[in-house]
Amino acid sequence: MEVLIFLVLGLIVGSFLNVCIYRIPRKISIIKPASFCPGCGNSIKLWHNIPVLSFILLKGKCSYCGSRISFRYPFVEILNGILYVLAYLSFGLTPYLLFILIFISAMIVVSFIDLDFQIIPDQISVPLIFIGFIFSLFSHGYTGFVSDFKESLIGIVVGGGSLLIVSIISKGGMGGGDIKLNAAVGAFLGWKAALLTIFIGSLIGSIVGIIIFKKTGNRKIPFGPFLSIGALICLFLGEKILNWYFG
């Protein structure tokens, strides 16, 4: 029953994440107006806005204009739901879980915004740094997270500073959004996990980048999604990976 609750919660929050992904880079309020069809602008009825289920019942089309709804909408909802369940199973029902769920959802939002617009909004990454620092004030090293606020501060400096150095050396090859995002990772998970996030993200990004270049010739791909994947891997497996490596 608890697993089902977190799955449904993840789906509902995932629906809101879709709103954030669409509106934040377009500088539209995430509160008003109510959900609307990007094609015709009509407000979406409440029963047409049920996560995943409405997409299936409407056959992926707007009930007003018939324009096709991107498969990304149910995908984000399902992804967030699955990760919420994994978070509950991995960390348990504790006061810390709320911070972990916020971290997960933030990674999803920045990934899809960066894919579309090649930006990571400060509205997400900067508050996430402060949330990670607040988390550190009472996390006490809970299941591989930072042990205290000092480690969180070090994680922020190392996580963001390492990519800042890369940006300087590559003369702007690394965006400011990536720097702040990894600073947030360091705030939550510590400096070792922040560096591991860069390594994992770079490894996956390189593989995907080579495939995309061979197919399209495009050399420029956003790093945010791969950094987020690395961060989520570190969230669930980082402590095991680091213990294995240093052990």
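Structure summary
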read-out	value
Subset tally (residues that are surrounded by 10 or more Cβ atoms within 10 Å (Cβ to Cβ) and on the phi > 0 side of the Ramachandran plot) for segment 27-42	1
Near pairs, Cβ below 6 angstrom, 6+ apart or cross-chain, from segment 48-73 (farther than 19 Å from D116 by Cβ and in a loop (DSSP other than H, G, I, E, B)) to any residue that is of a type in the set (S, T, Y) and modelled with pLDDT under 85	N49/S35
Total residues in segment 157-175, condition assigned to a helix (DSSP H, G or I) and out of contact with any Gly (no Cβ under 8 Å at 6 or more places or on another chain)	7
Enumeration of residues in segment 197-247 that are polar (S, T, N, Q) and either touching a residue at least 24 places away in the same chain (Cβ under 8 Å) or farther than 26 Å from P121 by Cα (or both)	T197, S202, T216, S228, N243
Candidate set: segment 126-152, residues that are modelled with pLDDT of 95 or more and of a type outside the set (V, I, T); chosen: the one surrounded by the most Cβ atoms within 10 Å (Cβ to Cβ)	L128
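The values are calculated or read from the model by the stated rules, or taken from the named source; none is laboratory data. All figures in this text were calculated on a predicted structure; none of them were measured in a lab. Quick reminder, even Gly has a Cβ in these numbers, built from the backbone with ideal geometry, and neighbours come from all protein chains shown.
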